[in-house]
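Reviewing the structure listed below.
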Amino acid sequence: MAEASRTFHATLFSLPTFSPRFHFKLSYSHSHPSLHLKRARSVQRSISETKTMSLNTTLPWGCDIDSLENAEALQNWLSDSGLPPQKVGINKVEMGKRGLVALKKINRGEKILFVPPSLLISSDSDWSSPVAGHVLKQQNVADLPLLATYLISEANLQKSSRWSNYISSLPREPYSLLHWTRSELDRYLKASQIRLRAIERIADITGTFDDLRRRIFSKHPHLFPKEVFNLVTFRWSFGILLSRLVYLYSMDGKVALVPWADMLNHSCEVETYLNYDKSSQAVVFTTDRAYQPGEQVFISYGKKSNAELLLSYGFVPKQGTNLNDSVELPLSLKISDKCYKQKLKALMKHGLSASQCYPIQISGWPLELMAYAYLTVSPPSMSKQFEEMAAMASNESIIRKDLRYPEIEEKAVQFILDSCESSISKYSKFLKKLKRRLRDMRSGELRA
Ligand SMILES: C[S@@+](CC[C@H](N)C(=O)[O-])C[C@H]1O[C@@H](n2cnc3c(N)ncnc32)[C@H](O)[C@@H]1O
């Protein structure tokens, strides 16, 4: 096990998949020469320098998803490899640039796609370089880093990999915060709570790569040359995995890349997910609406907030379209409160602290947030209730769920409102600053 570095095996990592909710526990334990990297277009958005490959490097695999480059070859290869005739085809689309579009009328409740298991890429897929796969498995490398290494190994083999057509159709630069520089994260996510999560995620990937390099790659340089297995290629493969992996509930929770199905874009308005269908022995999804020829077909990547979608998939839905959007509202005990110490003690007993964040949605806020607000505004005369309020705020409470204190309800709601206004004012200051910056740029005073 690696020492101090951050690695994925140490983390309970919330893996975005095309499924409602899935947490990927990397328990840890967690290949090929001849890469000639063209130093052409710049992979500008990288967080730190890597010693092995310049970040001003274009990967020699993948494609530009602004075009339909390699899409036809992918479709031909998929049908030769057992994908049945489809009611959808790849095309340029408004939402997601490239996506699957109905070729024929599709009914509501119809199963489509039917991707056979032989086309899935998972941690037990065969390696074109079996020795490299064997070395990683011997070292008990966890599934996600194993898959990341697998993808690079197969990508580097180019035409000699069985996945060559698939890899050629993957984005060369997946939209992902993993490719943002630290100063971009600081600047554009200044007012957002995902800034820290993005920084942590990048640190996790760097730590995971460092761990693999130290424990495995450096000991087998003929199998894992550093020109191929480096931070640049790992960022690419993690970017691909995080935005495309599918959690297959009815395949015992297998996590896999599902070529073809991973061309589906997300819509906040649909509620259908990919899954393995035992009766048809294939990955399918059941439409929750009808589609006319030419219409883009969507699935749901899960009920995620805009921030979560940006973090994992690199996009934000159109304003007001995501009913699952939520923002984290920070609440704090008032230091001037006469009962500050007593309240803090009650909170700490339930694993909480003097400052907590709770999600708020358009549809409302959780009971825990209300309980925290009650505790914050409650006067000394209610000290006997501090304990039950703290328990409720922590979600550990077995006390009645309809906890209400009518005498302080108005104060509690006012406290929530004040906290919202204080958070929003940070955003508006940030927005004002951005607008000023944009104005300066337009007037030519500042050049990006
Ligand atoms: C699983 S892939 C979907 C296929 C992808 N459009 C492609 O051409 O490879 C996920 C990526 O598609 C894009 N995407 C998916 N849904 C989107 C949407 N509603 N709006 C914008 N981009 C979307 C994002 O770049 C995301 O990282």
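The values are calculated or read from the model by the stated rules, or taken from the named source; none is laboratory data. Quick caveat: nothing in here was measured; it's all calculated off a predicted structure. Note: ideal-geometry Cβ built from the backbone for every residue, glycine included; neighbour counts use all protein chains shown. In case anyone asks, the SASA skips ligands and DNA or RNA and just uses the protein heavy atoms, side chains included. Shrake-Rupley method; radii C 1.70, N 1.55, O 1.52, S 1.80 Å.
Using only the alpha carbons, work out the radius of gyration and Dmax of the chain in angstrom.
Considering the chain through its Cα atoms, Rg and Dmax are 24.7, 76 Å.
Suppose every Lys and Arg Cβ carries +1 and every Asp and Glu Cβ carries -1, with no other charges. What dipole size does the chain come out with about its Cα centre, to the nearest 20 debye?
On the way: 60 positive and 44 negative charges, 246 e Å.
Here the size comes out at about 1180 debye.
For the residue pair residue 382 and residue 103, what label-to-label distance in nm results when each label sits 7 Å from Cα along the Cα-to-beta-carbon direction?
It is 6.3 nm.
For the chain, what is the accessible area per residue in Å², given a 1.4 Å probe and the full set of protein chains? Intermediate values should be presented prior to the final figure.
Details: 22360 Å² over 448 residues.
Counting only protein heavy atoms, the per-residue value for the chain is 50 Å².
Which one, 191, 287, 369, projects farthest toward the positive side of the charge dipole computed for the chain from Cβ point charges (K/R +1, D/E -1)?
So the residue we want is 191.
Carbon-plus-sulfur fraction of the accessible area of the range 254-344, 1.4 Å probe, in percent? Write out the running numbers ahead of the final one.
Values: 2050 of 4050 Å².
C and S fraction of accessible area: 51 percent.
For the range 70-164, what % of the accessible area comes from carbon and sulfur atoms, probe 1.4 Å? Can you show the working numbers first?
Working: 2100 of 4360 Å².
About 48 percent, which is the carbon plus sulfur part of the accessible surface.
Any chance you could run the full-extension gain for residue 277 through residue 363? It's 0.36 nm times the residue separation minus the Cα-Cα distance, nm to one decimal.
Details: separation 86, 0.36 × 86 = 30.96 nm, distance 3.34 nm.
That pair, residue 277 and residue 363, stretches by 27.6 nm at full extension.
Do the alpha carbons of any pairs in 87/111; 190/426; 254/304 sit beyond 19 Å of each other, and which pairs?
Numbers: 87/111 10 Å; 190/426 10 Å; 254/304 21 Å.
Over 19 Å apart, Cα to Cα: 254/304.
Dipole of the range 326-442, Cα-centred, from +1 at each Lys and Arg C-beta and -1 at each Asp and Glu C-beta, to the nearest 20 debye? Present the calculation step by step, with values, prior to reporting the outcome.
Working: 20 positive and 13 negative charges, 182 e Å.
So the dipole magnitude of the range 326-442 works out to roughly 880 debye.
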